Amino acid sequence: MIIEGMRSGDRQAFESLYASCYPPVMGMIVRNNGTEDEAKDVFQEAVCVLYDKVAIDGFTLTSQLKTYLYSVCRHLWLKQLKRGDRAVVSEHQSEYQPLENEPGIDLDLAFHREKEAQFEQMKKALAALGEPCKTILLDFYVKGMSMQEICQKFDYTNPDNAKNQKYKCLQRLKKLFFENR
């Protein structure tokens, strides 16, 4: 998994990220008044944004990695076009190719902003949840630990007790999350 590789600093994860996610970004930027060098700069900045996000404990990507990076790059490129001396290509010009035509790419920035706000809210709810609930939920949902492993880690008598505790923790987290909405 690329995200886990990024967290551990695995060079191969970054190479895989570039190989799979850069070409559509370059195409989008070149079609919209950019150069390959500008595409590389924008993509690098987006990778830095992603890297900062994956370093946060509890960060979970809810869209495809390619979609997330493409959206960040699109946002950065549009921002660069607006503040620079370049004109954004109008929808009415014949050489314009709408960004929305990229296959399988969700470009709804409002959606991603809302998700980002929800991640922040979840981070606050997790912090308010306290221990051991926070660790139990992160171990199960983020690290993918089994109930047996959680049972051993927290010295529960059996996996059913660990599962029951996880359920109670999840209910408390939901309550904290939705209280602040």
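A few remarks follow.
- Listed by chain and number, the lysines whose C-alpha is less than 27 Å from the C-alpha of Lys143, apart from same-chain residues fewer than 8 away, are Lys53, Lys66, Lys115, Lys123, Lys124, Lys134, Lys153, Lys163, Lys166, Lys168, Lys174, Lys175.
- With the highest mean first, a sort of the peptides 140-152, 69-81 on other beta-carbon atoms found within 10 angstrom per residue produces 69-81, 140-152.
- Accessible surface, region 113-181, averaged per residue in Å² (probe 1.4 Å): 65
- Alpha-carbon centroid distance for the pair region 109-181 / region 7-59, whole angstrom: 29
The values are calculated or read from the model by the stated rules, or taken from the named source; none is laboratory data. What you are looking at is a predicted structure, and each value in this text was computed from that prediction instead of being measured. Heads up, the Cβs are rebuilt from the backbone with ideal geometry, glycines too, and the neighbour counts pull from every protein chain shown. Areas reflect the complete protein model, heavy atoms only, side chains present, ligands, DNA and RNA absent. Shrake-Rupley method; radii C 1.70, N 1.55, O 1.52, S 1.80 Å.
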